[in-house]
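What follows is a set of notes on a single structure, which appears directly below.
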Amino acid sequence: MLKAGGKRTGFVRDRHGNAVDHTTATLDQLMESATCFAGTPDDVYDQIKELNDRVGGFGHLLFFGQGGFLDHQDTVANITLFAREVMPRLRELNREPQKAVAAE
């Protein structure tokens, strides 16, 4: 990153290998790069599951349920919805043996 100077493109790529510039990215681009997850609880679960499968599983997920212009009430509703509808399903993701992921 230091060698690139102020240029930050290419650090994060989407599922198709395209560079994503977080300073100008759309929500769809952020979702395609698995930088953020959005949508219905089923959508969010599917997005997290796809990332989990792609990287060979992970043991911890850092959840940022507040951002932008969300007020306290919307933040609580967002975190509560995630806790009720998504989190219980995520606990089951890595309980089954995963196929070994070959290094590329």
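Tabulated results
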| read-out | value |
| --- | --- |
| Top-ranked residue of the stretch 50-74 - restricted to ones that are within 12 Å of the chain's Cα centre (by Cα), in a loop (DSSP other than H, G, I, E, B) and of a type in the set (A, V, I, L, M), ranked as surrounded by the most Cβ atoms within 10 Å (Cβ to Cβ) | Leu61 |
| Residue in the stretch 7-55 that is nearest to Leu93 (Cα to Cα), counting only those that are basic (Lys, Arg) and in the same structural domain as Arg84 (by TED's automatic domain parsing) | Lys49 |
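The values are calculated or read from the model by the stated rules, or taken from the named source; none is laboratory data. In this text, all values refer to a predicted model and were calculated from it rather than measured experimentally. Don't worry about glycine lacking a Cβ; one is built from the backbone with ideal geometry, like all the others, and counts go over all protein chains shown.
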